[in-house]
Amino acid sequence: MTDFIKTSASRSLENAVQDHFIPAEAPWSGIVRKGQTIRIEDSHGQQAIDTLFYRADDFGERYSNQDTMRAQGGAYIGAGTKIVSNEGNVMLVMTADSCGRHDTSAGACSCESNAVRFGHGTKYLHACRDNFVLEVTRHGMSKRDIVPNINFFMNVPIKPNGEMTIVDGISAPGDYVELVAEMDVLCVISNCPQVNNPCNGFDPTPIRVLIWDGED
């Protein structure tokens, strides 16, 4: 993993072709072209960033957490992970990871799951599933197109017996991941608004997304 981090450390922010500051609790989406690199930055630390990927010219092909975990033989996402679609194709490859812990099993928070986990008083709090619905509808999709997602920077230890729970994040301010697109993809992000568990340190904060063109 160290080699990946060293490779990306010299990347010039000034050469980024896109630079987005995403407010706390907000959604975002954008196209990442084949060969481009996307950096997702946890600007303030301990902020879960729920993320989905769709093939840009066919949204029916999208991120598959099952195929991704099966392909790498592991439950967590990290440097070197191939992000695999439901068609078995590699969508992106993670080339840098300054944090080292990313979940793809716990899914996205929703109003319904909040009510079950934290009481009916939390049902109307904003949730990642709401953000995903808002964002995918901009691209002609619906809630039926939302699949199990990646939770960058979310710390979800899995015990040998399969039990898992969301605990305090380990990401520091400025930690990031970088992924190189192996095909044109639509990236959809929910900057997680959860305040009832420690995935955001109980204080959702802004994040940053940058995109660079590939090297010739």
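The values are calculated or read from the model by the stated rules, or taken from the named source; none is laboratory data. In this text the structure is predicted, and so the values were computed from the model without any measurement. In this analysis, Cβ positions are derived from the backbone assuming ideal geometry, glycine residues included, and neighbour counts consider all displayed protein chains. Heavy atoms of the whole protein, side chains included, go into the accessibility calculation; ligands, DNA and RNA do not. Shrake-Rupley method; radii C 1.70, N 1.55, O 1.52, S 1.80 Å.
Of note:
- Net charge, residue 209 excluded, C-beta distance under 12 Å - Lys, Arg +1, Asp, Glu -1: -2
- Averaged per residue, the range 150-216 has 39 square angstrom of accessible surface, using a 1.4 angstrom probe with ligands and nucleic acids left out.
- Probe 1.4 Å - accessible area at residue 87, Å² to nearest ten: 120
- Ranking 178, 215, 41 from most to least accessible surface, computed with a 1.4 Å probe over the protein chains only, gives 215, 41, 178.
- For the chain, with +1 on Lys and Arg beta carbons and -1 on Asp and Glu, the positive-most of 105, 85, 174 along the dipole: 105
- Estimated dipole of the chain in Debye, rounded to 20 [Cβ of Lys and Arg +1, of Asp and Glu -1, Cα centre]: 520
- Every helix of 4 or more DSSP H residues in the chain counts as -39500 (n - 2.57), and over all residues that averages to -4000 deg cm²/dmol at 222 nm.
- Within straight-line cross-link reach of residue 159, aspartates and glutamates at Cα separation under 14 Å, skipping those fewer than 8 residues along the same chain: 103
- Rel. contact order, % - alpha carbon contacts under 8 angstrom, at least six apart, the range 140-184: 25
- Which of 168, 130 is most accessible, then next, and so on - probe 1.4 Å: 168, 130
- Those residues of the range 73-97 whose amide nitrogen sits under 14 Å from the label point placed on residue 66, 7 Å along Cα→Cβ: 85-88
- Relative contact order, percent, the chain [alpha-carbon distance under 8 Å, six or more residues apart]: 41
- Gyration tensor over alpha-carbon atoms, the chain, equivalent ellipsoid semi-axes in Å: 25, 19, 18
- Extension gain, residue 196 to residue 163, is 9.9 nm, computed as 0.36 nm per intervening residue step minus the present C-alpha separation.
- Partners for residue 34 among aspartates and glutamates (Cα-Cα distance below 15 Å; same-chain residues under 8 apart left out): 57, 58, 178, 182, 184, 213, 215, 216
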